[in-house]
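Taking it in order: structure first as structure tokens, then the write-up.
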Amino acid sequence: MQLVCPAGNLPALKAAVRQGADAVYVGFRDDTNARHFAGLNMDDKQFDGAVAFIRQHQRKLYVAVNTYPQPKIWARWQRAVDRAADHGVDALIAADPGVLDYASRHHPHMALHLSVQGSATHAAALKFYAERYGIRRAVLPRVLSLAQVKQVAASSPVPIEVFGFGSLCIMAEGRCHLSSYITGESPNLCGVCSPAKAVRWSEDAEGLSARLSEVLIDRYTPDEPAGYPTLCKGRFLVDGKRFHALEEPTSLDTLDLVPELTAIGVEAVKIEGRQRSPAYVEQVTRVWRAALDAHRSAPASFVVKDQWRQVLAGLSEGSQTTLGAYHRSWQ
Amino acid sequence: MKLSLGPVLFYWDKEHMGRFYSDMAGLPLDVIYLGETVCSKRRTFSLDQWLGLARELKACSPAQIVLSSLTLIEAGSELSSLRRLCDNGELLVEANDMGAVQLLIERKLPFVGGPALNLYNGHALVQLLDAGMVRWVPPVECSRGLIADVLEQVRELGRPLPEVEIFAYGHLPLAYSARCFTARAENRPKDDCQFCCINYPDGMALTSQEGQALFTLNGIQTMSADVTNLLADYSGLVSCGADLLRLSPRAEGMVEVVKAFDQVRQGGMPPLCVDGCNGYWHGQAGMLRVEEVGLC
């Protein structure tokens with residue numbers, strides 16, 4: 001099973017490669033990718049450096065051009081696809097049917113991976129992208145149980161990549177407009193969710209308040225850890241009760257599932273977090289490399305080491321991890 | 001301008017559903033969408049019963065009847081149901097998932113592209129138009145300007161335009177999840193949900209800790225708290241190229257809603273302003289209410 005790691009900048013990419021990532025995925029410094037955050041992603045010079053470093057170390061480089069272009073700015077997505085192809089990247093990760101069509105016609109030799117933003121959760125949807133655009137792999141949304149992943153992998157016309165670790169979208173990726181409903185900017189169109197520019201922190205007698213476009217997402221007492229106000233992870237009122245009505249701040253961690261995912265035939269496991277620091281990328285990659293290697297060399301005796309868990313828990317949102325939808329009870 | 005009645009997004013029992021459609025049958029609706037689009041566990045009607053309802057409606061209403069497909073397909077059994085729905089042999093299908101699109105292409109059937117398909121530009125639209133899409137319901141976050149741009153791009157690409165249907169009234173369907181938020185709010189596991197969303201015929205209200213209305217929980221679907229209402233924006237709907245306006249069912253008051261939209265399309269004056277949100281239509285955050293300058 002291939003280990004695919006995130007890089008929001010060149011130091012993160014180098015850290016991923018040094019720690020044993022088989023592939024690294026990056027985005028360009030604009031809204032053509034789903035982590036369009038200030039100061040993040042690769043400008044021309046960084047991208048050139050990334051390509052050179054990847055080649056030198058004989059790993060794979062994937063480029064995410066996985067947001068949905070609007071007509072007036074379509075040319076920017078076209079250029080991003082051309083730029084990835086001109087650099088001979090190992091795969092383009094895309095979701096928009098127009099972008100996939102353009103890439104498959106103009107750059108037939110460039111491998112296409114269906115982005116998680118494509119929201120394809122079953123064989124018939126995957127067949128659409130495989131038949132029309134010749135995708136070589138698809139990243140599954142984090143909504144399926146392990147049994148469902150198995151079923152999809154068995155019936156899919158293309159190999160499957162799944163998320164192994166990182167921040168958890170509680171909604172089916174590509175099918176969530178909550179952010180644009182509150183802030184005007186969405187993952188699909190703008191490559192952001194709960195954008196930083198809409199965040200406002202304030203402290204008063206009632207505690208520390210985290211707001212998004214002035215909407216109160218959560219309020220913390222002095223003894224509570226405060227997290228980034230991703231709007232699906234706030235505490236709200238339903239029926240008079242205050243709780244994490246959609247989801248707690250928690251991260252996906254599937255180290256325990258390495259044997260099952262391997263047995264199912266999942267081709268690659270993806271680490272989330274292009275917006276995270278090089279230190280995060282370095283530590284997560286190191287743990288996952290060790291786990292995958294341990295499983296490969298002795299599958300029967302594979303156990304998740306406490307030390308791996310501790311490292312990953314320390315890097316998780318709210319220091320909590322979950323098996324997410326892979327575990328049936330969560331669904 | 002045609003008026004369509006969207007699929008019922010909430011879980012209503014048989015009696016409620018029967019009463020609702022018998023009320024709707026006598027109204028000036030041009031299209032009625034039937035079917036379960038949110039949760040496969042809901043069992044008000046089987047596919048055969050939906051088809052039976054469609055035949056009853058056809059007998060007493062001139063409206064075109066369309067079957068809407070489930071939006072988030074997770075289990076193999078759901079995919080089998082989707083196949084049966086596409087094989088219904090009678091009714092046009094609204095595809096709410098690329099899998100439904102694929103199945104309809106394989107059957108060489110025309111289809112409606114529902115609001116849950118991510119189609120945001122002319123190039124993407126052309127992909128589905130060439131595959132048989134005859135009507136496009138843009139994602140609910142699309143603005144008037146974006147929709148006009150997409151249609152212009154389709155024209156530039158030399159394709160005839162599909163019919164365009166705008167989500168003009170109702171709680172906006174915003175997100176879909178593996179989890180059930182209604183069950184979560186009742187502290188029940190999803191696999192023992194007891195169909196609790198049937199107790200909330202207009203969904204469950206979610207507010208901020210300050211009491212600001214934010215969302216409506218409807219099983220695995222998260223909707224807007226406010227009802228979107230584009231009736232005051234009628235002239236903009238016409239000029240942007242809308243052919244149909246979708247009115248999304250609510251538990252109460254839909255007869256009046258259909259009549260109000262019908263009056264305006266018959267030439268009546270649109271109201272200067274209405275309750276509810278219309279931010280998306282004006283290119284802003286969806287929850288906002290944008291008034292035309294000087295009208296209110």
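So here's what we get for this one:
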| quantity | calculated |
| --- | --- |
| Any strands (runs of 3 or more DSSP E) falling wholly within region A:229-331 and containing at least 1 residues that are away from every other protein chain (no Cβ under 14 Å) and touching a residue at least 60 places away in the same chain (Cβ under 8 Å) | A:251-253, A:268-271 |
| Residue among B:Asp48, B:Asp30, B:Asp23, B:Asp13 that alone is of a type outside the set (Gly, Ala, Ser) and touching a Lys or Arg at 6+ places or on another chain (Cβ under 6 Å) | B:Asp30 |
| Leading residue by the ranking (surrounded by the fewest Cβ atoms within 10 Å (Cβ to Cβ)) among those in region A:195-210 that are within 12 Å of chain B (Cβ to nearest Cβ) and not hydrophobic (A, V, I, L, M, F, W, C) | A:Glu206 |
| Lone unmet requirement of (1) facing chain A (nearest Cβ under 7 Å); (2) assigned to a loop (DSSP other than H, G, I, E, B) for B:Cys142 | (1) |
| Options B:Leu47, B:Leu29; residue that is touching a residue at least 60 places away in the same chain (Cβ under 8 Å) and more than 14 Å from every other protein chain (Cβ to nearest Cβ) | B:Leu29 |
| Number of the exception - B:Gly203 against (1) on the phi > 0 side of the Ramachandran plot; (2) more than 13 Å from chain A (Cβ to nearest Cβ) | (2) |
| Pair list, Cβ under 9 Å, 6 or more apart: region B:153-165 residue assigned to a helix (DSSP H, G or I), other residue small (Gly, Ala, Ser) | B:Gln153/B:Gly122; B:Val154/B:Gly122; B:Arg155/B:Gly122; B:Glu156/B:Gly122 |
| Residue match in region A:71-89 (condition: of a type in the set (Asp, Glu) and either within 11 Å of chain B (Cβ to nearest Cβ) or outside any helix (DSSP H, G or I) (or both)) | no |
| Residue in region A:128-136 that is assigned by TED's automatic domain parsing to the domain that holds A:Tyr68, within 19 Å of the chain's Cα centre (by Cα), not in a loop (DSSP other than H, G, I, E, B) and not charged (D, E, K, R) present | no |
| Complete set of residues in region B:50-84 that are within 12 Å of another protein chain (Cβ to nearest Cβ) and either crowded, with 21+ Cβ neighbours inside 10 Å or touching a residue at least 24 places away in the same chain (Cβ under 8 Å) (or both) | B:Ser69, B:Leu70, B:Thr71, B:Leu72, B:Ile73, B:Glu74, B:Ala75, B:Ser77, B:Glu78, B:Leu79, B:Ser81, B:Leu82 |
| B:Ala124 vs. criteria touching a helix residue (DSSP H, G or I) at 6+ places or on another chain (Cβ under 6 Å), of a type in the set (A, V, I, L, M), without any contact (Cβ under 8 Å) to a residue 60 or more places away in the chain and over 18 Å from A:Lys72 (Cα atoms) | no |
| Whichever residue in region B:191-233 is without any contact (Cβ under 8 Å) to a residue 24 or more places away in the chain and either of a type in the set (D, E, K, R) or assigned to a helix (DSSP H, G or I) (or both) and, among such residues, is nearest to A:Tyr326 (Cα to Cα) | B:Asp191 |
| Test for A:Thr221: is it outside the structural domain of A:Ala38 (by TED's automatic domain parsing) and over 19 Å from B:Ala213 (Cα atoms) | yes |
| Positions within region A:160-189 being more than 21 Å from A:Ile217 (Cα to Cα), more than 10 Å from chain B (Cβ to nearest Cβ) and not small (Gly, Ala, Ser), in sequence order | A:Ile160, A:Glu161, A:Val162, A:Phe163, A:Phe165 |
| Hey, A:Lys127 within 12 Å of chain B (Cβ to nearest Cβ) and touching a residue at least 40 places away in the same chain (Cβ under 8 Å) or not | no |
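Okay, residues lined up against (1) outside any strand (DSSP E or B); (2) under 29 Å from B:Cys277 (Cα atoms); (3) at pLDDT 95 or above:
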| position | (1), (2), (3) |
| --- | --- |
| A:Ala153 | yes, no, yes |
| A:Val158 | yes, no, yes |
| A:Glu161 | no, no, yes |
| A:Gly166 | no, no, no |
| A:Glu173 | no, yes, no |
| A:Ser179 | yes, yes, yes |
| A:Ile182 | yes, yes, yes |
| A:Asn188 | yes, yes, yes |
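The values are calculated or read from the model by the stated rules, or taken from the named source; none is laboratory data. These numbers were taken from a predicted model, which means no experiment stands behind them. All Cβ positions, glycine included, derive from the backbone under ideal geometry; neighbour counts span all protein chains shown.
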